[in-house]
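A.B. asks: Let me begin by handing over the structure; questions about it come next.
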Amino acid sequence: MATTQDEKKQYVKEYIRSLAAIEECIEPYQEQKRELRTEFRENSWLNTDEIRAAVKAYRLFKGKFDIDEVVDNFNAISGYSSE
């Protein structure tokens with residue numbers, strides 16, 4: 001932990017420089033994500049809500065959740081039956 005105010009200021013500057021470098025590297029990927037969403041909307045392949053649902057499903061899957069279990073639980077809660 002920084003012991004003086006000058007040390008703290010130095011760490012803040014260092015953090016901001018590092019954060020700026022990371023964000024600069026990430027920006028092209030963020031732009032690609034925006035373009036992907038726009039392309040799917042413009043071509044009427046998916047609407048905004050469907051894209052959001054797909055992103056949520058991806059994040060659940062990425063989080064190592066059993067997607068079948070998630071769907072089963074959602075269906076049980078919502079009263080939906082696929083039969």
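Every read-out reported here was derived from the displayed coordinates using simple, explicitly stated rules and does not represent laboratory data. From a predicted model like this one, the values you see are computed outputs, not experimental measurements.
A.B. asks: Go through (i) 100, 33, 10; (ii) 62, 31, 23; (iii) 67, 33, 17 and flag the label whose value is the computed Cα extents along the principal axes in Å for this structure.
C.D. replies: Label of the calculated value: (iii).
A.B. asks: Give me the number: length gained by fully extending Tyr15 to Leu36, i.e. 0.36 nm times residue separation minus the C-alpha to C-alpha distance, one decimal in nm. Spell out each step's value before the answer.
C.D. replies: Working: separation 21, 0.36 × 21 = 7.56 nm, distance 3.11 nm.
Stretched out fully, the Tyr15 to Leu36 stretch lengthens by 4.4 nm.
A.B. asks: A further question follows. To the nearest 10 degrees, how steeply does helix 48-62 sit against the main Cα axis of the chain, on a 0 to 90 scale?
C.D. replies: Computed tilt is about 70 degrees.
A.B. asks: By how many degrees, between 0 and 90 and to the nearest 10, does the Cα long axis of helix 67-78 differ from the longest principal axis of the chain?
C.D. replies: Between the helix axis and the principal axis of the chain, the angle is about 70 degrees.
A.B. asks: A follow-up question, please. Between the helical axis of 5-42 and the dominant principal axis of the chain, each derived from Cα atoms, what acute angle in degrees is found, rounded to the nearest 10?
C.D. replies: In the chain, helix 5-42 runs at an angle near 30 degrees to the longest axis.
A.B. asks: For n ≥ 4 DSSP H runs only, could you compute -39500 (n - 2.57) per run for the chain, divide by its residues and tell me the 222 nm figure to the nearest 500?
C.D. replies: Values: 3 runs with 65 residues, N = 83.
Rounded to the nearest 500, it is -27500 deg cm²/dmol.
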